[in-house]
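Notes follow the structure.
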Amino acid sequence: MAVVTDATMPELPEVEVVRRGLEPYLRERRIDGVSVHHDRAIRRHLAGERDFIDALTGRQVETVSRRGKYLWLPLDDGRALVAHLGMSGQLLLPPPDQSDETHLRVRLSFAGADRDLRFVDQRTFGGLFVDDLVDDGDGGAVPASVAHIARDPLDPKFDDREFSRALRARDSGIKRALLDQSLISGIGNIYADEALWRGRLHYDRPARTLNSRQVAELLGHVRDVMTEALAEGGTSFDDLYVDVNGSSGYFDRSLQAYGREGEPCERCGRPIVREPFMNRSSYRCPTCQRRPRSA
Ligand SMILES: [Zn+2]
């Protein structure tokens, strides 16, 4: 079931659902086989397929980590297998007797485990690559390719005060700032629109006009909507977004702005409008989220 007309990427809750599905199964497993079924899926592994296979075979997966929309498996040699799901990437742990998916791109098998990890990607915008882990500046490690991505709002080390200061220094509209992965990660179109609806904020409200109390409230809405979405398995904006068992989430039933053009605002009854925004769309209530006069 798709509620959306725009092409949509998985956001933090959808990627976290996948992480939580993988972690208990993959933790401390040793990789004993790697097969690449489509070289486009490893195009970001610049050293090529042979190197990709050699870098992974025999390595132990320590855990499954995430920042924003990026997911990675730290390995026992100080490197990590990084996954970017793109628009349609799936990481699946199907039963061993299940036949290969049509769009199977990469398969990993593990010593003593009956299930393989399968990377399936219809549109092949996503991919896997092996990357070095670097110090995250706070006692942890992060893949070098992910280091420029800001911490996400569900990260225990996210700094609310620093975020507030940085956000209020921006001249851009509030939604543009929320989508900037170098300021805060994991928020895309869906959860930005939902948090702004909850906060009664127009997407073009200049970020610098918010006071620190308003930023704290907005951050609270972002966290609430993401936590609620996680509890419902994420938003099935696309038939392609599934958890590791191939099941869809159902948070799309709880959306109050995103994808609801023409439907009544649940607060005031006015129809939700859809407007062009950064080559995509923004959904808002024209009464609850009035356009700022000066913007
Ligand atoms: Zn309204």
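The values are calculated or read from the model by the stated rules, or taken from the named source; none is laboratory data. Remember, predicted model here, so these are calculated numbers, not experimental data. Neighbour counts are summed over all protein chains in view; Cβ atoms, including those assigned to glycine, are modelled from backbone coordinates with ideal geometry. Please note that ligands, DNA and RNA were not included when accessible areas were found on the heavy atoms of the full protein model with its side chains. Shrake-Rupley method; radii C 1.70, N 1.55, O 1.52, S 1.80 Å.
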Inset, instruction - Scan the range 286-293 and give yes if some residue there is more than 17 Å from D193 (Cβ to Cβ), part of a loop (DSSP other than H, G, I, E, B), away from the ligand (no atom under 16 Å from the Cβ) and open to solvent by 70 Å² or more (accessible area, probe 1.4 Å), otherwise no. - result: yes
Inset, instruction - Answer yes or no as to whether S164 is in the same structural domain as M278 (by TED's automatic domain parsing), modelled with pLDDT of 95 or more and surrounded by fewer than 17 Cβ atoms within 10 Å (Cβ to Cβ). - result: no
Inset, instruction - Name the residue, out of Y283, Y241, Y250, that is aromatic (F, W, Y) and at pLDDT 95 or above. - result: Y283
Inset, instruction - For N211, indicate whether it is open to solvent by 40 Å² or more (accessible area, probe 1.4 Å), over 20 Å from P292 (Cα atoms) and in the same structural domain as I190 (by TED's automatic domain parsing). - result: no
Inset, instruction - Working only within the range 257-285, note down all residues that are assigned to a loop (DSSP other than H, G, I, E, B) and within 20 Å of the chain's Cα centre (by Cα). - result: A257, Y258, G259, M278, N279
Inset, instruction - For residues that are open to solvent by 40 Å² or more (accessible area, probe 1.4 Å) and within 16 Å of the ligand (Cβ to nearest atom), tally how many sit in the range 242-268. - result: 7
Legend entry - G220 modelled with pLDDT of 85 or more and either among the acidic types (D, E) or not in a loop (DSSP other than H, G, I, E, B) (or both): yes
Inset, instruction - Please specify each residue of the range 224-239 satisfying the condition of being touching a residue at least 40 places away in the same chain (Cβ under 8 Å), open to solvent by 60 Å² or more (accessible area, probe 1.4 Å) and not hydroxyl-bearing (S, T, Y). - result: D239
Inset, instruction - Report yes if F119 is within 22 Å of E16 (Cα to Cα), open to solvent by less than 30 Å² (accessible area, probe 1.4 Å) and either at pLDDT 95 or above or in a strand (DSSP E or B) (or both), otherwise no. - result: yes
